[in-house]
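Step one of this worksheet: look at the structure below.
The numbers here are math on the coordinates, done by the rules we state, and not lab data. Note that this is a predicted model, so its numbers are computed, not measured. Positions of Cβ are generated from backbone atoms using ideal geometry, with glycine treated the same way; all protein chains shown enter the neighbour counts.
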Amino acid sequence: MALEPSSQLPAGLLEALQASSSRSRPTPHPLSSFANGISDVTETIDGETVNKCDLLCPRPGCGSIILKKGVATLEERESLQIEPSDIPPHPLLPPLPDTSESIRWWLITPSPMSFENIGFSRPVESLPLSPAGKKFKLLACAECDLGPLGWSEEGGTEFWLACSRVGYQSGQ
């Protein structure tokens with residue numbers, strides 16, 4: 001079926017769309033692949049430890065940029081079991097330790113607009129060790145839906161990504 005002259009695409013649009021869809025995607029490197037662990041992917045700026053490289057979706061082939069370098073601060077706090085109990089964990093996502101242990105998280109504030117590409121679940125009634133009545137949203141890659149990568153309180157201004165559940169773009 002031929003396009004009517006009035007409904008043709010603007011000159012160069014099809015080529016631009018094809019070029020952007022065929023661009024090479026960054027390769028996500030898991031935290032476990034760095035010889036010095038978390039210290040290889042952090043730097044200190046103005047007394048805060050921040051992400052030294054872009055945080056990526058950990059799914060090979062996706063590599064969507066979730067967060068640009070220097071946006072998140074490294075925090076250590078208790079682990080949360082963020083896996084929905086009715087869904088088996090995804091093999092690309094390492095299990096989080098028991099809630100009695102501390103782990104490293106990337107803290108992103110003050111709004112979801114700090115992200116490059118993130119998706120949010122519907123509100124979840126509670127997570128283990130959460131105060132009664134609080135609702136949470138789970139964070140996932142907005143491009144391929146891999147998750148949960150982290151969490152936030154519904155309506156909150158803090159967004160938490162598990163350091164072990166995101167990919168890192170090396171060579172920046």
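Arranged from highest to lowest average of other beta-carbon atoms within 10 Å per residue, in what order do the peptides 38-45, 114-121 appear? Walk me through the numbers on the way to the answer.
Values: 38-45: 15.0, 114-121: 17.8.
Sorting 38-45, 114-121 by mean packing, highest first, produces 114-121, 38-45.
Peptides 69-78, 86-95 ranked from most to least packed, by the mean per-residue count of other Cβ atoms within 10 Å: 69-78, 86-95. Legend: translational diffusion of the range 32-118 by Stokes-Einstein, Rh = Kirkwood radius over C-alpha pairs, 10 °C, 1.306 mPa s; D = 109 µm²/s.
If packing is taken as the mean number of other Cβ atoms within 10 Å per residue, what is the order of 99-107, 49-57, highest first? Could you put the intermediate results ahead of the total?
Details: 99-107: 15.8, 49-57: 22.0.
Going by the mean number of other Cβ atoms within 10 Å, highest first, we get 49-57, 99-107.
Taking the Cα centre of the range 17-118 as origin, sum charge times position over the Cβ atoms of Lys and Arg (+1) and Asp and Glu (-1), and report the length of that vector in debye to the nearest 20.
Details: 8 positive and 13 negative charges, 125 e Å.
Computed charge dipole of the range 17-118: roughly 600 debye.
If the segment from His90 to Glu75 were pulled out straight at 0.36 nm per residue, it would be longer than the present Cα-Cα gap by 3.0 nm.
Only residues of the range 138-172 count here: report those whose backbone N is under 15 Å from the spot 7 Å along Cα→Cβ of Arg122, or say none. Only 138 pass the distance filter.
First measure r as the distance between the Cβ atoms of Thr49 and Ala11, then evaluate 1/(1 + (r/R0)^6) with R0 = 35 Å and state the FRET efficiency to the nearest 0.05. Walk me through the numbers before you get to the answer.
On the way: r = 48 Å, r/R0 = 1.38.
The value I calculate is 0.10.
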